[in-house]
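Before any comments, here is the structure.
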Amino acid sequence: MPENQQTEESPTLQQRAEEKPRRRQARGERRIAQLLEAAASVFCRSGYTGASTNAIAREAGVSPGTLYQFFPNKEAIAVGLSDQLLEHWAQSHGQALAPENIGLPLDRMLDAILDPLIAFNVENPAFAVLMHGPDTPGAIIEEIGTVHCTLLARVEEMIATRLPDMPSDERTRTANMALHLFKAGLTLIMSHEGAERDAYVAELKTVMHRYLEPLLEGGLPAGR
C-alpha cells in the first residue's frame, strides 16, 4: 500500500491534531462541572462568605492551582454557578408557568405550577444560598432582579388571562402577593425534610388556594 494512502481505521495527522483540542475542551468542561458541583456543596454548608477557594478545591478533590486555572476567585465561581442554576431555573419556571396550565382548575393549577418550582429548589439548595443570601455578590443580585421581574410579569399574564377585566394595578398587587407567599412558604419548606417538608408543601398550597380562589373563581376584587 502506498505510504500516503490511509485506511478507514487510520486517522490522518490533521484529524489527530483536531481531536486533541476537542479532548482538552471536554476535559475542561468536566473539570468546570466538577468545581461548580463542589462549590454548591461548600456554599450550602458555609454560606458564600464562609466559603473559600481552598475548601472548594478540597471538595472537588483538586489542588487550588487547578481551580485557579478555571476560576480566578470565589466570586467568579459563584457567578458561574449562579449562571448554571439560573439556566435550570428558567427551564423549571417555563414548565411551571406554561400556557396550558392557566386554564386548569385552581387546585390542579397550583400543583402544576408549584411542584416543579419546589422540586427545583429542593434539588438545588445552593440556589437559595446564592439568590437570597445576605452576602450575595453584586453581579448575581442584578441577575436576581431580572429573574424576579420576569417571574412577576409571567404571573401577571396568567392572572390577566383568567381575569381580563381586573385593573392593572390590582393585577400587579395580586401577582406580587402570590409571589411573596410562595417565597415565604418555600423558606419553611427548605428548612424541613421528609414528611414535615411534605406537610409544609401542602400548607403552602392551602394558603395559596385560599388567597387566589375568591379572585380567580369568585371574581371578587383584589382590594376586597
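The values are calculated or read from the model by the stated rules, or taken from the named source; none is laboratory data. Bear in mind that the values here come from a model prediction, so they are computed numbers and not experimental data. Cβ coordinates were reconstructed from backbone atoms using ideal geometry, including for glycine residues, and neighbour counts include every protein chain displayed.
If we keep just the residues of segment 56-66 that are more than 21 Å from residue 140 (Cα to Cα) and either among the acidic types (Asp, Glu) or surrounded by 17 or more Cβ atoms within 10 Å (Cβ to Cβ) (or both), which is farthest from the chain's Cα centre (by Cα)? Across segment 56-66, the extreme among qualifying residues is 62.
Name, by its number, the condition in (1) free of Cβ contacts under 8 Å to residues at least 24 places away in the same chain; (2) aliphatic (A, V, I, L, M); (3) closer than 24 Å to residue 217 by Cα that does not hold for residue 178. Just one mismatch for residue 178, condition (1).
Against the conditions (1) surrounded by 14 or more Cβ atoms within 10 Å (Cβ to Cβ); (2) not in a helix (DSSP H, G or I), residue 154 satisfies every one except (2). Here residue 65 passes the criteria (1) touching a helix residue (DSSP H, G or I) at 6+ places or on another chain (Cβ under 7 Å); (2) free of Cβ contacts under 8 Å to residues at least 12 places away in the same chain except the one numbered (1). Within segment 102-112, being in contact (Cβ under 8 Å) with a residue 12 or more places away in the chain, surrounded by 14 or more Cβ atoms within 10 Å (Cβ to Cβ) and under 17 Å from residue 215 (Cβ atoms) holds for 102, 106, 110. Return yes when residue 214 is modelled with pLDDT under 95, part of a helix (DSSP H, G or I), more than 21 Å from residue 94 (Cβ to Cβ) and assigned by TED's automatic domain parsing to the domain that holds residue 80 and no when it is not. In short, yes.
Any residue that is among the small types (Gly, Ala, Ser), in a helix (DSSP H, G or I) and over 17 Å from residue 117 (Cα atoms) - is there at least one of those in segment 177-189? Looking through segment 177-189, none of the residues is among the small types (Gly, Ala, Ser), in a helix (DSSP H, G or I) and over 17 Å from residue 117 (Cα atoms).
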